[in-house]
Amino acid sequence: NRTEARRCRSAVNCDGVTRAASPLAEQAAAVALNQFGSFDGYLVPGDFVRLREASVAITLSPSATRFVTRGRALTVVLAARNLAVWTRYRGVDPEAATALTRENMPSPFGNSVGTEAPADDLVFGPPRTITLRLVIGN
């Protein structure tokens with residue numbers, strides 16, 4: 001969760017730094033980042049289940065809609081996208097990652113060690129949209 005790591009690096013609006021009642025895991029992640037340069041506390045499970053799309057269509061007969069559509073059938077379609085997401089991910093959205101990044105931390109052996117992870121840095125998740133469509137047939 002790079003967005004939260006960015007907040008905690010500046011320590012201005014990071015709960016792990018500014019709020020004593022924040023969970024111990026958040027406090028430990030902020031200390032590890034600011035004292036040792038480790039982003040490991042901000043790696044969180046990225047699995048999720050999303051209700052991506054749902055729609056319903058109702059077709060009314062020409063006799064039921066004769067006054068509105070002059071004898072033609074009418075179909076009413078209601079569709080919605082990105083209705084819900086169930087996840088343990090603490091960032092904006094588990095699909096909002098823009099690229100893979102490798103966070104490096106100096107190693108006592110002279111090379112750097114780190115973890116490759118999706119970067120959700122300053123991004124937004126997919127928008128929720130609701131569409132109503134009227135289809136007038138013959």
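The values are calculated or read from the model by the stated rules, or taken from the named source; none is laboratory data. Every value quoted in this text rests on a predicted model; they were computed, and no experiment measured them. Virtual Cβ from ideal backbone geometry, glycine too; neighbours counted across all protein chains shown. SASA here: full protein model, heavy atoms, side chains in, ligands and nucleic acids out. Shrake-Rupley method; radii C 1.70, N 1.55, O 1.52, S 1.80 Å.
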> Quick one: Cys8 ticks every box in (1) part of a loop (DSSP other than H, G, I, E, B); (2) free of Cβ contacts under 8 Å to residues at least 40 places away in the same chain; (3) within 23 Å of Phe124 (Cβ to Cβ) bar one, so which box is it?
Replying inline: (1)
>> I'm trying to understand the selection: among the residues of the range 15-25, which are in a helix (DSSP H, G or I) and open to solvent by 60 Å² or more (accessible area, probe 1.4 Å)?
In response: Asp15, Val17, Thr18, Leu24, Ala25
> Among the residues of the range 35-69, which ones are under 30 Å from Leu24 (Cα atoms) and open to solvent by 50 Å² or more (accessible area, probe 1.4 Å)?
Replying inline: Gln35, Phe36, Asp40, Leu43, Pro45, Asp47, Phe48, Val49
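Restricting attention to the range 70-79, which residues are touching a Gly at 6+ places or on another chain (Cβ under 9 Å) and either among the polar types (S, T, N, Q) or open to solvent by 80 Å² or more (accessible area, probe 1.4 Å) (or both)? Walk me through it before giving the result.
So in the range 70-79, the residues touching a Gly at 6+ places or on another chain (Cβ under 9 Å) come out as 72-75.
Once the filter is applied, which keeps residues that are touching a Gly at 6+ places or on another chain (Cβ under 9 Å) and either among the polar types (S, T, N, Q) or open to solvent by 80 Å² or more (accessible area, probe 1.4 Å) (or both), the range 70-79 yields Arg72, Thr75.
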> What are the pairs, 6+ residues apart or on separate chains, where a residue within the range 32-56 that is among the hydroxyl-bearing types (Ser, Thr, Tyr) has its Cβ under 7 Å from a residue that is in a loop (DSSP other than H, G, I, E, B)?
Replying inline: Tyr42/Asn1
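A quick yes/no check of all residues on (1) modelled with pLDDT of 80 or more; (2) out of contact with any Pro (no Cβ under 6 Å at 6 or more places or on another chain); (3) assigned to a strand (DSSP E or B):
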residue	(1), (2), (3)
Thr3	no, yes, no
Asn13	no, yes, no
Ala29	yes, yes, no
Phe67	no, yes, no
Arg81	yes, yes, yes
Tyr89	yes, yes, no
Glu95	yes, yes, no
Thr101	no, yes, yes
Asn104	no, yes, yes
